[in-house]
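Have a look at the structure below, then the notes.
Readers should treat all values here as calculations from the given coordinates under stated rules, not as data from a laboratory. In this text the structure is predicted, and so the values were computed from the model without any measurement. Quick reminder, even Gly has a Cβ in these numbers, built from the backbone with ideal geometry, and neighbours come from all protein chains shown.
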Amino acid sequence: MAKFLALYIGSATDAEKAASPISPDKQSEGMAAWGAWMGKNAEYIKDAGGPLGRTMRVSSSGVEAARNSLTGYIIVEADTHEAAARLFENHPHFTIFPGEAVEVVECLEIPGA
């Protein structure tokens with residue numbers, strides 16, 4: 001089976017999140033649904049990942065604060081790229097929580113390793 005990095009995407013700024021916080025009931029519903037999703041897909045999950053914080057960008061210009069839409073990650077295994085992506089159909093990240101999408105990227109082997 002191949003390994004895939006799934007990235008949870010959301011673009012709400014801190015100010016937008018503070019202006020429309022998730023209600024405790026919606027938070028509970030979302031966490032229960034996320035737990036159910038994790039249980040249903042446990043055989044495919046290789047690293048449960050977690051939320052992502054602020055970003056620092058490092059380049060030839062140095063180190064600086066940066067913004068992106070990454071909110072979390074998880075690593076799964078599946079037979080095909082499409083099969084890995086289909087694991088995230090109707091995921092609570094975007095069906096209950098205000099996330100926008102999940103992007104699934106194949107983790108390739110290092111050439112010559």
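Tabulated results
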read-out	value
Hull-based mean projected area of the chain, where the convex hull spans the alpha carbons, in square nanometres	9.1 nm²
Taking PHE94, PHE88 and counting other C-beta atoms within 10 Å, the order from fewest to most	PHE94, PHE88
Computed [θ] at 222 nm, helices only, for the chain once each DSSP H run of length n ≥ 4 contributes -39500 (n - 2.57)	-8000 deg cm²/dmol
Theoretical gain in end-to-end length, ALA36 to ARG57 [0.36 nm per residue, Cα-Cα removed]	4.1 nm
Point-charge dipole on Cβ atoms (K/R +1, D/E -1) for the chain, about Cα centre, debye to 20	300 debye
Other-chain or far-sequence residues with amide H under 5 Å of LYS46's (modelled H)	ILE75, VAL76, GLU77
Tail weight of P(r) past 14 Å, computed on alpha-carbon pairs of region 58-113, percent	67 percent
Pairwise FRET efficiency - ASN90 versus SER23, Cβ, R0 = 22 Å, nearest 0.05	0.55
Net length gained if the chain between ASP47 and ILE75 were fully extended (0.36 nm per residue, minus Cα distance)	9.6 nm
